[in-house]
Structure formats: structure tokens, C-alpha cells
1. Per the 1.4 Å probe, what fraction of the accessible area of segment 330-419, in percent, lies on carbon and sulfur atoms?
2. Over segment 1-157, what is the relative contact order in percent, taking alpha-carbon pairs closer than 8 angstrom and at least six residues apart?
3. Give me the number: length gained by fully extending residue 396 to residue 315, i.e. 0.36 nm times residue separation minus the C-alpha to C-alpha distance, one decimal in nm.
4. Taking only the alpha-carbon positions of segment 370-432 and ignoring solvent, what does the Debye formula give for the base-10 log of I(q)/I(0) at q = 0.16, 0.29 Å⁻¹?
5. How long is segment 336-464 along each principal axis, judged by its Cα atoms, biggest number first, in Å?
6. Starting from the alpha-carbon convex hull of segment 263-421, give the projected area averaged over all orientations, in nm².
7. Give the peptides 342-353, 223-234 in descending order of average Cβ contacts within 10 Å, highest first.
8. Using Cα-Cα distances under 8 Å and only pairs 6 or more residues apart, what relative contact order does the chain have, in percent?
Amino acid sequence: MPAVSYPHRDPIFGLDLFFEGIKLLKVGKFLSRAQQRYELVNNGVNTYTQLVLGDRVIVTREPENIKTVLAAKFRDFEFSHRRKDSCAPILGRGIFTTDGKEWEASRALLRPSFARSLVGDLEVFETHASKMIARIPRDGSTVDLQELFFMLTLDSATDFLFGQSTNVLGTGEARHRGKRFAEHLSYTTSVMSIRGRVGKLAAILPDQEYEDGIKFIHEYIQYYVRRTLEQKAKRGKSVQASSKYVFLEHLAMSESSEKKIQDELLSILLAGRDTTASLLAHLWYTLARRPDVLQKLRSEVLHLGDRAPSFEQIKEMRYLQYCLNEALRLYPVVPMNSRTAVTDTVLPVGGGPVGKSPIFIKSGTQIIYQVWAMHRRKDFYGEDAEVFRPERWETLRPGWQYLPFNGGPRICIGQKFALTEAGYTTIRLLQAFKAIESRDPEEYKESLSLTLSVGNGVKVGLTPA
Ligand code: HEM
């Protein structure tokens, strides 16, 4: 049975939704509107079809369907060509841009290094969190924490991946090159996200800043990859020059080519940087508006005194974990995503007038799954689904209705890294400051690129402890 259709004003190309989408992106209301659309389409179905520039796509916030796409019928679906085409100029052929056997090889190459990387080694987080905290004004004047979080996650991710940090939070010469790298990365990924949405239409206009950015980013990474491979050639098989864990040194021990290592490193950097910064930004955006949550969280952290937390201590702080879960529920960093069917197949629910029958999916159909809208469903999270209430996690054990890190074989490989960095940074901030005040009276606005961030930033004043 087909799913119900969105009642377009333009039933051929769906340009009504296309232009509405552009306006909504500008005012930061794209996701909240996408959530309301489920109510508009036939009174609350959770799967419907709509037109995207003339192509009929399936839109869903139904866990059973998402589970089918990402896990049960994993092989029936791949990334959309739009995504691959838009990412390829920057990311080449790494874990983020490949499917099938090639992706399997990437995953097998990267996973063991991730599994080994973090055990007990939190030094990289300490180094960069302390630099970030030193930059926060102690006289209560306004600071944008989101900007600092983006600097922090770039510095720590590059340190962990290349063995050398961009050091944008630091001082000295290297900082300027790091800053340029950061600027190029932000610009090229924003272009990548636009191209992913509108396809080849965006590529019609030449964009020198984009081309220059890609060149700079590739040269920047190439330098570290070549240096490590040269060390390997000199020392034989082992390249572990550093006492700390360096991801690149582990990759270099495989027989992968220079280009392959570069593509994988850049993919991980992109996957890991904005995402963790966005989680921290949304959590602290909320803490600035919820003194009750802030105080409860501080009281959990304070028994550490000034001491840095260990990996186990972070994991044991239950209220902290609930707050991270809740921030990812209300503000999932990847709020919508998609896959394309590569064969004729079936989704289990969403067809027919009340959305309960299976839906036939023709090969080539795109499935857009909306995690933001799913995470705010009242039938899963109750009448207060829109409220930040960490205590709900005392009893909540969601399955596929909670999906901040994706699920199935392509589940996020950096989940542990991200939650540890976000937890660590939050603890260090709570030890250093006892109160926080929002300096932004406006209501929440989304900023949607490849990932979600806070549209107005996180402008706050902090009181030292
Ligand atoms: C709060 C932080 C993070 C969130 C919410 C998050 C979320 C996600 C999501 C939703 C995906 C699936 C994307 C897709 O298949 O379309 C993903 C994949 C991935 N993530 Fe994360 N991520 C986070 C942090 C990180 C970090 C810190 C790293 C690495 C240091 C990382 C590395 C990756 C990689 C390599 C993939 C691709 C996995 C594959 O395709 O097999 N992520 N992440």
C-alpha cells in the first residue's frame, strides 16, 4: 500500500515545500516545521511521501521503518548519490562516502584503532579543556560558549588524529595556520551541505573560496600523513613515536596508501568535530536557562573537588549521563538523514490511509528519516516530550525510538569518544564556575549545516566558583 502524500500546492515538482524549506532554514525553524508536518498530513501519520524537486521520497519518524533501513534490510539501502557527490571532492573515498565492500574495508580498518584509543587516556581532553576554560572571562562578561566548543573539539580531534593539534585555543604561530584550517573546514562543509540538499544545481556557480579551501585542507593533512609514513619507512614497521595515542600512527601501520589514510582521517575529523561541539553547545544552552538542572549537576560533580575525572568516574555520574542523553534527544546533532533503496523492497509500516500497512519501495526511492521529530513524539516520551527533563532517563530504556548515534552496522564509531569528551568538558566547567546566566533573550533558533548547532550561539556570563 502507498503511504499518504503531502498535500502539495505544486503537485509536479513540489516547489512549494522547496521554497518553504529555504525560508525556514534562514529563520532557523526547519526542524520544528518538519515535525509539525506530521500533524498536517492526515492527522498524525508517522510516514508520508513528498516531492523533492520532482522526485517522490518517503519521509518517516517511525522506528520500525528506520530500523528496517539501517539494520534489518541494511543491504537494500545505500547513501544517496547526492551525499556521495557532494562529499567526494573533500572526503575522497573514506568511511563516510562509500558503501558495500569498500565501506566494510574502511570500517574494519578504523574500528580496532577506535576500540583501543581511549582506555584511560584522557590527557588530550585535559590539555584542551584547560586552555578553553582559561579563555572564559572571570568578570562575568559575555562569552559565546558555542564558539569555544568548536575550537575545543577541533583542537582535541586534530591532536588525537594527527598527533599535533590545530591549537586554535592556544597562542603562537601554529595557531594562525590552525585558524585558517578551521575557517576553510567550516566554509567547505557548509557548501557540502548545500550541495547535498540541492544536488548539482549548486555546482553551476564557480566558487573559488571552496576550491581554495579544499586545496588548503588536503595539503594540511597531507603534511602529517607524509611525515608519519616517512617515519615508518625509516623505522620499519613501527611508527609509534609518541607516548600518547595517535590515530594516524595506528593507521600508518596498516598497508593503506597515503591517499586512503588521508581520506579516512578527514572523514573522522569531519564526523567528530562539529558533532561533539554541538552536543556541548546544546547542553550548555539549556543549563544557562535551567538553574535547577545546573545545581543538581554541580552537586554530583563537586565531590571530585578540583581533581580531573577518570573515565570510570565520568561513566558513573548518572545525572551527567542523563543530561547528555536528554540534550541528544531534544537536539539530535544529526537531526535528519537519508538512504536510497538500491533494490525493490518493503518498509513494514506507514502504508494505507491510517499508516499501518507495509509500503512497497521502488529501487531508487529516497527515504528521509527525521530523528528530531521522532525524539519529540509524545506517544514515546509523554506529554512533556518537548521539555528538558533528565530525570526521565531514570526509567527510560528506549530502543530504536532514540537514535542520536544512528543504529545498525553504520552506528557511529566515535560515540564513546564523544560522550567522554562532552562529559569531561562539562565536569571541568562545573568545577570552575558555579553559576551561569543567559545573555540571549531570543527563543531557540536552529542552525542547520551537515549537523545542527545553536543559531544564536550560546551567549552567557559565568561566575567563577
Ligand atoms: C555527539 C557526538 C556525535 C554524534 C551525535 C554522532 C552521530 C553520528 C551519526 C548519526 C552517524 C551516522 C551517519 C550516517 O550514517 O549517515 C555517525 C557516523 C559516524 N561517526 Fe559519529 N557522532 C558523534 C561524534 C563522533 C566522533 C567524536 C567521531 C570520531 C572521532 C565520530 C565518527 C563517526 C564515523 C567515522 C561515522 C561513520 C560510521 C560508518 O559509516 O560506518 N562521531 N555519527
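The values are calculated or read from the model by the stated rules, or taken from the named source; none is laboratory data. Remember, predicted model here, so these are calculated numbers, not experimental data. As a convention, Cβ positions derive from the backbone with ideal geometry for all residues, glycine included, and neighbour counts pool all protein chains shown. SASA here: full protein model, heavy atoms, side chains in, ligands and nucleic acids out. Shrake-Rupley method; radii C 1.70, N 1.55, O 1.52, S 1.80 Å.
1. Details: 2180 of 3770 Å².
C and S fraction of accessible area: 58 percent.
2. About 14 percent, as a whole number.
3. Values: separation 81, 0.36 × 81 = 29.16 nm, distance 1.74 nm.
Roughly 27.4 nm would be gained on extension.
4. Taken in order of the listed q values, log10 I(q)/I(0) reads -0.72, -1.18.
5. 59, 33, 31
6. Details: hull surface 48.5 nm².
Dividing the Cα hull surface by four gives the mean projection, 12.1 nm².
7. On the way: 342-353: 17.1, 223-234: 15.5.
Order by mean packing, descending: 342-353, 223-234.
8. Once normalised by length, the contact order is 26 percent.
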